[in-house]
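The values are calculated or read from the model by the stated rules, or taken from the named source; none is laboratory data. This is a predicted model, so every value here is computed, not measured. Neighbour counts run over all protein chains shown; Cβ positions are idealised from the backbone, glycine included.
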Amino acid sequence: MSFVDLCSERFAKTNSILCVGLDPIIEKFPYKKDNIEDTIYIYFSEILDNFSDQIAVIKPNVAFYEQYGMEGYIALKKVIKKAKKMQIPVILDAKRGDIGNTSAAYAKASFVELDADAITLSPYLGEDSLSPFFEYKDKGFFILVRTSNKGSSDFQLLKMENGNYLYTEVAKTLCGWNKKYSTGIGAVAGATHLEELKQIATIFSQNDFPPILIPGVGTQGGDFNQVVGTLKDLGYPMYKIFINSSSKITYGYQEHKNMSYLDAINVEINKNKLQK
């Protein structure tokens, strides 16, 4: 089954477009077990066990696991395996993109070794740096287009000779890749740049609606309901939208001092629900 079809089925079950970033920062965990592997796996397992029916997909960021060495890597594999057993699609946040042979190795590591359903990718090296990933046609691929960080304007807002911004050219290019390689090819476009997100979504609406991964909601300041309203106005299929929130959910208890960590997670998840 393709990533897009997988997410369509998931949306039908959950009516959720929430992507939860499961990024371990052990210093922020509400408790610690005997070792790093168990600490990470048990905490994120609790989140999945208690809130799986409200989550569309999860997005573990590889770097947060790699910083803990082999124990972190093993925990990542276990978190992915558990999510997939629960039929929760997994987007691996790795932002890969390199020369052909290296990308082929990255793709195998992501899709075969880790068994992720989708991945984030950088387009900077061009089409041949990403085509080894696209050979895994049933997977999802989220290309960095307009990211949520402040420094993203350094390059993404550069003007091309035709007067368009670089990020819009990337958006148009990946629409072509979507037709050429896989309907799972889409964009990363931040909630913190709402007008630019709207422009990307408008381009996509004219090209069969590629999927969009939207970071920047929560700690970074993006607004869930504003994003949803903007995309609904364009008639965007909701199962192709993934609005991410990470630390605001996973470490929500630090903000809600009078609550248990699970109650705090529940509060934050409820801020990211579609209105019926």
task = Return yes when K179 is part of a helix (DSSP H, G or I), of a type outside the set (D, E) and modelled with pLDDT of 95 or more and no when it is not.
result = yes
note = When region 105-122 is checked residue by residue, the ones that are of a type in the set (V, I, T) and assigned to a helix (DSSP H, G or I) are V112
inquiry  = Suppose we keep only residues that are within 18 Å of Y167 (Cβ to Cβ) and crowded, with 19+ Cβ neighbours inside 10 Å within region 210-223. Which one would you say is nearest to the chain's Cα centre (by Cα)?
reply    = L213
query = part of a helix (DSSP H, G or I) and without any contact (Cβ under 8 Å) to a residue 24 or more places away in the chain: does that describe K232?
reply = yes
message = Any residue at all in region 163-170 that's of a type in the set (D, E, K, R) and under 18 Å from the mean Cα position of the chain (by Cα)?
response = no
task = Would you check which residues across region 176-200 are over 16 Å from F3 (Cβ atoms), buried (at least 19 other Cβ atoms within 10 Å of the Cβ) and either touching an Asp or Glu at 6+ places or on another chain (Cβ under 9 Å) or in contact (Cβ under 8 Å) with a residue 60 or more places away in the chain (or both) and list them?
result = A189, G190, A191
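Could you check region 144-196 and list, in sequence order, the residues that are among the acidic types (D, E) and more than 15 Å from L213 (Cα to Cα)?
The answer is D154, E161, E169, E195.
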inquiry  = Just to verify a result, which residue in region 136-157, among those that are in contact (Cβ under 8 Å) with a residue 40 or more places away in the chain and either touching a Cys at 6+ places or on another chain (Cβ under 9 Å) or part of a loop (DSSP other than H, G, I, E, B) (or both), is surrounded by the most Cβ atoms within 10 Å (Cβ to Cβ)?
reply    = G140
message = Every residue in region 229-264 that is surrounded by fewer than 22 Cβ atoms within 10 Å (Cβ to Cβ), within 18 Å of the chain's Cα centre (by Cα) and hydrophobic (A, V, I, L, M, F, W, C), please.
response = M238
request  = Read through the list (1) polar (S, T, N, Q); (2) buried (at least 19 other Cβ atoms within 10 Å of the Cβ); (3) closer than 30 Å to S182 by Cα, then give the number of the only condition that Q226 fails.
outcome  = (2)
Subset of region 201-219 (residues that are of a type outside the set (A, V, I, L, M, F, W, C) and in contact (Cβ under 8 Å) with a residue 60 or more places away in the chain) = P211, P215, G216
request  = Determine, yes or no, whether G100 is free of Cβ contacts under 8 Å to residues at least 40 places away in the same chain and over 27 Å from I143 (Cβ atoms).
outcome  = no
inquiry  = For a quick check of your reading of the model, give me the residue pairs whose first member lies in region 77-95 and is under 14 Å from Y65 (Cβ atoms), whose second is in a helix (DSSP H, G or I) and among the basic types (K, R), with beta-carbon atoms closer than 6 Å and at least 6 apart or on different chains.
reply    = none
task = Would you check which residues across region 123-135 are in a helix (DSSP H, G or I) and either more than 18 Å from the chain's Cα centre (by Cα) or not hydrophobic (A, V, I, L, M, F, W, C) (or both) and list them?
result = E127, D128, S129, S131, P132
